[in-house]
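First comes the structure, then the notes that go with it.
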Amino acid sequence: MELFDTHFHFDGKERFDDFLARTREDMLLASACYRETPERVLMLCAGSDYEESVRAMAFSEASEDVYFACGIHPHAAAEYQDHRRDFTPFFNHGKLLAIGEIGLDYFYDYSDRTSQITVLEEFLEMALQQQLPAMLHLRDKDSSRQAHDDALAMLGDFSRSGGRFVIHCYAGTPADAEKFLAMGGFFGVTGMYTFKAAHNIREAVAVIPDDRLLIETDSPYLAPVPYRGRSNTPGMVALVAQALGAARNMTPEAAAELFTGNGKRFYNIGE
């Protein structure tokens, strides 16, 4: 049995081997309730700017279980426009699975919204040209839905042109989920799903069909309960699968198989 963390970050502060060892330890800890211990954790390392994309690519070369994505997070959109970098060297790499992490963040607005929209449009076009799925970050402030509304408008054109996308760490509304589903969207679920106050996330995820759900950690952030507050690793995706499966009356083993299979099909691993 395998697990697949479809979104994590690597900050480069550890040796690859040390990080992989911690991930293995966490996987054994998090899967203690499983009848069958998972044999391995596949991992997709996201790039939030050029430098992180380079690290992610290097990490993918260090282990057969690690893949990578390249992109510009909305926080870095304005800086990218001021200091553009060439992403084409990533495109011929055999372990590049997606363009991302890209998107819109109207909660912090670290980059002005015009820059965020412009950069997202550029990288969605990049995803179409490379025939790769887009990995999106979407966040609104308080009761506003503007980031989701803007993304819906842009993704409509993207999907009609044949684009595929996943909204990572989904925290939108059930109504938004229905709209993204109609465009063929997939949704990433993180350890936030286990947080006591995350009723909105559980309500939104409840409307999403089993075959459109991917599991992820977004590590080193968002460690699931009962490890909330500590540094996260991809091994903790075992608890995300367990919690999401329990809500759908699945055993941990069945959930791990289903959601890992979804991720492998979405990213064409082993096809």
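The values are calculated or read from the model by the stated rules, or taken from the named source; none is laboratory data. What you see is a predicted model; the values in this text were computed from it and never measured. With ideal geometry, Cβ positions are generated from the backbone for all residues, glycine too; neighbour counts draw on all protein chains shown. These area figures cover heavy atoms from the full protein model, side chains too; ligands, DNA and RNA do not enter into them. Shrake-Rupley method; radii C 1.70, N 1.55, O 1.52, S 1.80 Å.
Looking at Val205, Val225, which one is out of contact with any Ser or Thr (no Cβ under 7 Å at 6 or more places or on another chain) and hydrophobic (A, V, I, L, M, F, W, C)?
Step by step, each of Val205, Val225 is checked, and only Val205 is out of contact with any Ser or Thr (no Cβ under 7 Å at 6 or more places or on another chain) and hydrophobic (A, V, I, L, M, F, W, C).
Which condition number in (1) closer than 24 Å to Thr114 by Cα; (2) basic (Lys, Arg); (3) out of contact with any Phe, Trp or Tyr (no Cβ under 9 Å at 6 or more places or on another chain) is the one that Arg164 fails?
Going through (1) closer than 24 Å to Thr114 by Cα; (2) basic (Lys, Arg); (3) out of contact with any Phe, Trp or Tyr (no Cβ under 9 Å at 6 or more places or on another chain) one by one, Arg164 breaks only (3).
Go through region 247-266 and give me each residue that's more than 17 Å from the chain's Cα centre (by Cα), open to solvent by 50 Å² or more (accessible area, probe 1.4 Å) and either over 18 Å from Phe187 (Cβ atoms) or in contact (Cβ under 8 Å) with a residue 60 or more places away in the chain (or both).
Selection gives Asn249, Thr251, Glu257.
Given the condition under 28 Å from Val205 (Cβ atoms) and over 20 Å from the mean Cα position of the chain (by Cα), answer yes or no: does some residue in region 132-142 qualify?
Yes, there is a match, as at least one residue in region 132-142 is under 28 Å from Val205 (Cβ atoms) and over 20 Å from the mean Cα position of the chain (by Cα).
Which residue, of Ala69, Ala32, Ala56, Ala78, is open to solvent by 50 Å² or more (accessible area, probe 1.4 Å) and of a type in the set (A, V, I, L, M)?
Ala32
Restrict the check to region 96-112 and report whether at least one residue is open to solvent by 10 Å² or more (accessible area, probe 1.4 Å), within 30 Å of Asp65 (Cα to Cα) and either of a type in the set (A, V, I, L, M) or in contact with a Phe, Trp or Tyr (Cβ under 7 Å, 6 or more places away or on another chain) (or both).
yes
Name every residue in region 23-82 that is among the charged types (D, E, K, R), in contact (Cβ under 8 Å) with a residue 24 or more places away in the chain, part of a loop (DSSP other than H, G, I, E, B) and over 16 Å from Tyr110 (Cβ atoms), in order of residue number.
Residues satisfying the conditions are Arg35, Glu36, Glu39, Asp65.
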